[in-house]
């Protein structure tokens, strides 16, 4: 049994399909690092003290950032705590006293988000 779509419905399905493929490709590209092959790459290790966590990019070790890549950092305090500052290898962090900031990768960095009761 063959099911035929009307011309109008066919065009709608085709447009939605193209849109979904485009969204999937864009989402895949966002996570890609387009540095040249053999380029310099660095790792970033992120942790936090008691009273909060790093929600972007998360906590742990993140390998293979290309040189000059800007990485977003977001620290979120728990209830009853406040963000104090970023410590460690903070030379390329835009603002060490801002919970939402960036770090530019020019080396292997170990960074900690610090929280205090507040």
Residue in the stretch 60-69 that is modelled with pLDDT of 95 or more and in contact with a strand residue (DSSP E or B) (Cβ under 6 Å, 6 or more places away or on another chain) present:
no
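May I ask you to list the residues in the stretch 97-112 that are in a strand (DSSP E or B) and more than 8 Å from residue 73 (Cβ to Cβ)? I'd like the intermediate steps shown before the answer.
We begin by selecting, within the stretch 97-112, every residue in a strand (DSSP E or B); these are 100-104, 109-112.
Listed by number, the residues that qualify are 104, 109, 110, 112.
The values are calculated or read from the model by the stated rules, or taken from the named source; none is laboratory data. Quick caveat: nothing in here was measured; it's all calculated off a predicted structure. Cβ sites come from the backbone with ideal geometry, for glycine too, and all protein chains shown count toward neighbours.
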